[in-house]
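Report on the structure given below.
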Amino acid sequence: MTVFSDPLAANLTVLGIIFVGLATYVVYRYFMGKESEDMDKGFSYFLIGTGFYALIYGLFYSMLWPEPEGGAYSILFGDPLLLLGLASLIAGYIILKKASLMFAGIMAFFSGIYAIVSGYDGYLDKMTNSPIAMLLLYLGAGISGILVLPLILTKNKWLAILVAVIMVLTGILAFIIGFPAIGGHLKDFAHAP
């Protein structure tokens, strides 16, 4: 008996949750200018929990995705998810320890570039059923990741709104892609041998 799981729909849902949660924190901290030890502590646990999930599944995709198509999809789906998970864990720990977010911003900046390159190459190779949606998802994640560093350094309110809007749109797009995949994957696996 072959056992196979395709957690892509759940991963997209968690991706949406991460980006909407990040947008909420960006608005609270950088637009509204509020800092609260309770809010920071709660958000750090949110980032650590969701980051751990993303890191585990990023590792799963990167190392265990079944062949023959696994290699390319491991790169497209696994590596950016792994970087997001690592960045979330780092940011969560930094917030919990009340340290400078600049280093999490540096991680987010380069992870954002990686996401854009991955999404663009995946789009060129038409690696998903909806290459435009996938490209927009990766662009949104990448652009928001790149903008986090200047936001942390400048604390500019208008940049905070731009980052939050991009993050919310990225999260919504992840939900739009992920929720319909639930039914499709259930149907596929219900009839698998």
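Descriptive notes on the structure:
- Some residue of the range 130-145 being among the aromatic types (Phe, Trp, Tyr), touching a residue at least 40 places away in the same chain (Cβ under 8 Å), in a helix (DSSP H, G or I) and more than 26 Å from residue 91 (Cα to Cα): no
- Residue that is surrounded by the most Cβ atoms within 10 Å (Cβ to Cβ), among those in the range 11-61 that are under 14 Å from residue 82 (Cα atoms) and among the β-branched types (Val, Ile, Thr): 18
- Filter result (of a type in the set (Val, Ile, Thr) and free of Cβ contacts under 8 Å to residues at least 24 places away in the same chain) within the range 146-164: 154
- Residue in the range 165-180 that is exposed (fewer than 14 other Cβ atoms within 10 Å of the Cβ), in contact (Cβ under 8 Å) with a residue 12 or more places away in the chain and closer than 19 Å to residue 11 by Cβ present: yes
- A single member of 20, 27 is within 14 Å of the chain's Cα centre (by Cα) and assigned to a helix (DSSP H, G or I), and it is 20.
- Across the range 131-158, the number of residues qualifying as touching a Pro at 6+ places or on another chain (Cβ under 9 Å) and under 22 Å from residue 99 (Cβ atoms) comes to 1.
- Criterion (buried (at least 21 other Cβ atoms within 10 Å of the Cβ) and in contact with a Gly (Cβ under 9 Å, 6 or more places away or on another chain)) met by exactly one of 122, 145: 145
- Residues being in contact with a Leu (Cβ under 7 Å, 6 or more places away or on another chain) and modelled with pLDDT of 95 or more - total across the range 123-146: 5
- For the range 49-70, the criterion of being within 10 Å of the chain's Cα centre (by Cα), among the small types (Gly, Ala, Ser) and at pLDDT 80 or above is met by at least one residue.
The values are calculated or read from the model by the stated rules, or taken from the named source; none is laboratory data. Just so you know, these numbers come straight off a predicted model, no measurement behind them. Using ideal geometry, Cβ is built from the backbone for each residue, glycine included, and neighbour counts are taken over all protein chains shown.
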